[in-house]
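**Q** Got a structure for you, questions after.
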Amino acid sequence: MKKKVTVIGAGNVGATVAQRLAEKELCDVVLIDIAEGLPQGKALDLYEASPIECHDAKVEGCNSYDASAGSDIIIITAGIPRKPGMSRDDLLKTNMSIMKHVTSQAAKYSPDSILIIVSNPLDAMCHVAFETSGFPKNRVMGMAGVLDSARFRTFISMELNVSVESTHAFVLGGHGDTMVPLPRYSTVAGIPITELLPQEKIDALVTRTRNGGAEIVNLLKTGSAFYAPASAAVEMAESILKDKKKILPCAAYLEGEYGIDNLFIGVPVKLGEKGIEDIIEINLTASEKTALAKSADSVKELVAELKKFA
Ligand code: APR
């Protein structure tokens with residue numbers, strides 16, 4: 001039977017996710033947005049590209065959730081960016097209420113689905129989706145590490161002039177300034193980059209990775225990155241839909257792993273048909289552990305702020 005994925009939020013990220021899912025012919029796609037006409041228009045446009053792109057994925061757009069019923073995966077990209085004069089708290093409060101609304105609708109129509117959260121602030125939004133849906137922890141996850149690792153891989157390949165396909169990278173922690181790129185576990189054809197590049201070059205690549213989102217925002221002037229975020233969400237969805245069991249860094253709910261409790265944060269997980277099928281604990285040095293703990297602290301602060309609005 002054909003798989004079905006609902007994408008909530010038909011903006012830049014959501015529409016690109018829908019396009020990639022359809023063009024890879026992974027599933028039928030339902031695109032939902034609050035803006036009238038927007039998901040319908042983008043979905044029809046994508047559907048009309050299918051004879052040329054040679055796929056039979058159906059793409060449907062709507063404002064209500066009934067068409068999403070029975071989805072295997074729900075990818076949530078709905079939210080608003082920070083507007084002039086808006087504090088971080090205002091943004092957090094607004095996106096929290098959007099996340100609550102869309103998650104409760106999605107969970108009602110697709111109670112057995114797996115949720116992939118993309119909306120920012122990512123780790124905090126995962127908490128909202130987890131609590132609102134009441135889904136088990138293996139069926140709620142956030143997209144951040146795949147994107148951050150892809151950025152790191154791109155910069156490594158640019159620096160060493162090698163195929164991106166020969167690179168591998170791990171970025172753990174929260175999706176923000178405190179993310180933890182791990183050069184020791186980042187390789188070219190299996191060789192750690194610590195053996196291929198001097199420390200100052202590695203430091204520069206790590207800094208560029210940490211600022212990867214801001215670099216794109218500064219270039220675009222309005223809006224944030226969407227091509228690579230969409231690719232990252234689709235890689236996660238593909239691993240689940242095809243039960244590939246890829247090991248990918250994702251925001252997962254930790255209960256003691258890495259010494260972190262009751263918190264969503266980026267760690268390597270195994271993604272298969274049941275969602276997060278395993279959390280992989282890799283050995284970290286003392287300084288890597290400290291960096292991860294610091295990153296966890298900043299996610300905890302945001303989660304504590306969420307509680308103020310609850
Ligand atoms: N229900 C459904 N859709 C909503 C709702 C809601 N309650 N509220 C807002 N939206 C929709 C908006 O109408 C808009 O079309 O979410 C969409 C967001 O799209 P963009 O503004 O283009 O934002 P985008 O670049 O796609 O980013 C979406 O992903 O990477 C993150 O930081 C990014 O949180 C942001 C999210």
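**Q** When the residues of the range 119-149 are filtered to those that are over 11 Å from Ala251 (Cα atoms) and touching a Pro at 6+ places or on another chain (Cβ under 8 Å), which remaining residue is surrounded by the most Cβ atoms within 10 Å (Cβ to Cβ)?
**A** Asp148
**Q** Among the residues that make up the range 213-229, is at least one of them part of a loop (DSSP other than H, G, I, E, B), over 19 Å from Arg82 (Cβ atoms) and touching a residue at least 24 places away in the same chain (Cβ under 8 Å)? Even if it seems obvious, please write down each step before you answer.
**A** As a first pass, look at the range 213-229 and keep what is part of a loop (DSSP other than H, G, I, E, B): 221-226.
When the remaining residues are screened for being over 19 Å from Arg82 (Cβ atoms), the result is none.
Within the range 213-229, none of the residues are part of a loop (DSSP other than H, G, I, E, B), over 19 Å from Arg82 (Cβ atoms) and touching a residue at least 24 places away in the same chain (Cβ under 8 Å).
**Q** Still on this model: Which condition number does Ser149 fail, the rest of (1) in contact (Cβ under 8 Å) with a residue 60 or more places away in the chain; (2) of a type in the set (Ser, Thr, Tyr); (3) part of a helix (DSSP H, G or I); (4) closer than 16 Å to Ile76 by Cβ being met?
**A** (4) is the only condition that Ser149 fails.
**Q** Would it be correct to say that Tyr258 is of a type in the set (Ser, Thr, Tyr) and assigned to a strand (DSSP E or B)? Explain how you work it out, then say what you get.
**A** Numbers: of a type in the set (Ser, Thr, Tyr): yes; assigned to a strand (DSSP E or B): no.
No.
**Q** Same structure, new question: Taking Glu277 as the residue in question, decide whether it is assigned to a strand (DSSP E or B), surrounded by fewer than 18 Cβ atoms within 10 Å (Cβ to Cβ) and not aromatic (Phe, Trp, Tyr). Write out each step before concluding.
**A** Working: assigned to a strand (DSSP E or B): yes; surrounded by fewer than 18 Cβ atoms within 10 Å (Cβ to Cβ): yes; not aromatic (Phe, Trp, Tyr): yes.
Judged against the criteria, Glu277 is a match.
**Q** Which condition number does Thr94 fail, the rest of (1) touching a residue at least 12 places away in the same chain (Cβ under 8 Å); (2) more than 11 Å from the ligand (Cβ to nearest atom); (3) of a type in the set (Ser, Thr, Tyr) being met?
**A** Answer for Thr94: the failing condition is (2).
**Q** Considering only residues of the range 216-241 that are away from the ligand (no atom under 14 Å from the Cβ) and surrounded by 14 or more Cβ atoms within 10 Å (Cβ to Cβ), which is farthest from Pro121 (Cα to Cα)?
**A** Filtering the range 216-241 for residues that are away from the ligand (no atom under 14 Å from the Cβ) and surrounded by 14 or more Cβ atoms within 10 Å (Cβ to Cβ), the one farthest from Pro121 (Cα to Cα) comes out as Leu241.
**Q** Something else now. Kindly list the number of the only condition in (1) outside any strand (DSSP E or B); (2) out of contact with any Asp or Glu (no Cβ under 6 Å at 6 or more places or on another chain); (3) within 11 Å of the ligand (Cβ to nearest atom) that fails for Gln40.
**A** (3) is the only condition that Gln40 fails.
**Q** Scanning the range 169-195 for residues that are of a type in the set (A, V, I, L, M) and touching a strand residue (DSSP E or B) at 6+ places or on another chain (Cβ under 6 Å), which turns out modelled with the highest pLDDT? Steps first, please.
**A** Pass one, the range 169-195, residues of a type in the set (A, V, I, L, M): 169, 171-172, 179-180, 182, 188-189, 191, 193.
Filter again for touching a strand residue (DSSP E or B) at 6+ places or on another chain (Cβ under 6 Å), leaving 171-172, 179-180, 188.
On the way: Val171: 94, Leu172: 94, Met179: 92, Val180: 94, Val188: 98.
That would be Val188.
**Q** Would you check if there is a residue in the range 266-277 being within 16 Å of the ligand (Cβ to nearest atom) and in contact with a Gly (Cβ under 6 Å, 6 or more places away or on another chain)?
**A** Residues of the range 266-277 within 16 Å of the ligand (Cβ to nearest atom): 266.
Retained after the next criterion (residues that are in contact with a Gly (Cβ under 6 Å, 6 or more places away or on another chain)): 266.
Within the range 266-277, one or more residues are within 16 Å of the ligand (Cβ to nearest atom) and in contact with a Gly (Cβ under 6 Å, 6 or more places away or on another chain).
**Q** From (1) surrounded by fewer than 18 Cβ atoms within 10 Å (Cβ to Cβ); (2) of a type in the set (D, E, K, R); (3) not in a loop (DSSP other than H, G, I, E, B), pick out the condition that doesn't hold for Asp177.
**A** Only one criterion in (1) surrounded by fewer than 18 Cβ atoms within 10 Å (Cβ to Cβ); (2) of a type in the set (D, E, K, R); (3) not in a loop (DSSP other than H, G, I, E, B) is unmet by Asp177, namely (3).
**Q** Follow-up. Go through (1) under 19 Å from Gly259 (Cα atoms); (2) out of contact with any helix residue (DSSP H, G or I) (no Cβ under 9 Å at 6 or more places or on another chain) for Pro181 and report which single condition fails.
**A** Going through (1) under 19 Å from Gly259 (Cα atoms); (2) out of contact with any helix residue (DSSP H, G or I) (no Cβ under 9 Å at 6 or more places or on another chain) one by one, Pro181 breaks only (2).
**Q** Would you mind telling me which numbered condition in (1) more than 13 Å from the ligand (Cβ to nearest atom); (2) modelled with pLDDT under 95 Lys83 fails?
**A** Only one criterion in (1) more than 13 Å from the ligand (Cβ to nearest atom); (2) modelled with pLDDT under 95 is unmet by Lys83, namely (1).
The values are calculated or read from the model by the stated rules, or taken from the named source; none is laboratory data. Keep in mind it's a predicted model, so treat the numbers as computed, not measured. All Cβ positions, even for glycine, are placed from backbone atoms using ideal geometry, and neighbour counts span all protein chains on display.
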